[in-house]
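What follows is calculated from the coordinates using simple rules that are stated; it is not laboratory data. All values derive from a computational prediction rather than experimental measurement. Every residue, glycine as well, gets a Cβ built from its backbone with ideal geometry; the counts of neighbours run over all protein chains shown.
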Amino acid sequence: AQSVTQLGSHVSVSEGALVLLRCNYSSSVPPYLFWYVQYPNQGLQLLLKYTSAATLVKGINGFEAEFKKSETSFHLTKPSAHMSDAAEYFCAVTPSSGSARQLTFGSGTQLTVLP
Amino acid sequence: EPEVTQTPSHQVTQMGQEVILRCVPISNHLYFYWYRQILGQKVEFLVSFYNNEISEKSEIFDDQFSVERPDGSNFTLKIRSTKLEDSAMYFCASSERGASSYNEQFFGPGTRLTVL
């Protein structure tokens with residue numbers, strides 16, 4: 001069974017500061033990994049995905065994430081936070097093989113950007 | 001850009017009533033999903049649907065839930081007899097490819113279900 005752990009349910013950063021949101025996965029084989037963002041009262045928007053190609057993945061809005069197999073991590077970063085980045089961020093996994101297609105989500109990290 | 005749509009955006013119902021949540025997936029997608037998010041909690045998988053049948057379901061998806069693709073475009077989630085604990089945001093998602101490819105799911109905006 002797969003699982004995802006997001007360390008830190010709430011993260012606050014100053015505008016212009018580095019954003020680091022942590023995600024660790026548990027899986028018998030490296031899965032496919034995703035970061036989704038949810039703005040207030042909206043659905044889930046895909047930020048970026050890892051599907052066993054490049055380990056450093058660039059996404060929308062200046063976000064990127066690095067897949068580290070040795071650390072079973074897929075942390076999300078952005079060099080300089082913007083006020084519009086305030087939202088909830090979810091890490092998710094799905095098997096890279098087999099027929100199962102469900103996404104397993106982490107518990108989410110609420111990002112606050114301070115002026 | 002194609003998107004997943006869901007109706008209604010907000011549904012209020014009395015406990016014990018039946019509700020049907022509707023979704024229109026992206027037109028060339030083959031896999032369809034329902035997830036739910038209870039307020040303040042993580043997004044949880046309910047069910048996936050492929051080739052007009054359920055392909056996976058979670059423990060949450062018990063006999064009170066059912067899914068259907070009644071025509072070529074809609075995908076519905078029915079809750080037969082709603083309970084207070086069914087109050088949640090329900091997200092529909094769809095993905096294009098089959099088992100041989102990665103699973104990028106596109107999510108709709110959600111239906112907020114409130115059971116009184």
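Here the protein assembly as shown was treated as a single set of alpha-carbon atoms; its pair distances binned every 10 Å from 0 give 8, 33, 35, 20, 5, 0 percent. Taken over the Cα atoms of chain A, the convex hull encloses 96 Å³ per residue. Shielding value for A:101-111 is 6, the average number of Cβ atoms from other chains within 10 Å of each residue's Cβ.
Legend: residue pairs A:58/A:78; A:58/B:42; A:49/A:78; A:69/B:42; A:68/B:42; A:49/A:69, Cα-Cα distance threshold 21 Å; pairs beyond threshold, A:58/B:42; A:69/B:42; A:68/B:42. For chain B, pairs of C-alpha atoms spaced more than 21 angstrom apart make up 31 percent of the total. For residue A:111, neighbours were defined as the other residues whose beta-carbon sits under 14 Å from its Cβ, and their charges (Lys and Arg +1, Asp and Glu -1) total -1.
Here each label is just a point 7 Å from Cα along the line to Cβ, and for residue B:85 and residue B:116 those points are 2.3 nm apart. For the segment A:43-49, counting C-beta atoms of other chains within 10 Å of every residue's C-beta and taking the mean gives 5. Can you give the FRET efficiency for residue A:97 and residue B:68, using 1/(1 + (r/R0)^6), R0 = 35 Å, r = Cβ-Cβ distance, to the nearest 0.05? Computed FRET efficiency for residue A:97 and residue B:68 comes out at 0.75.
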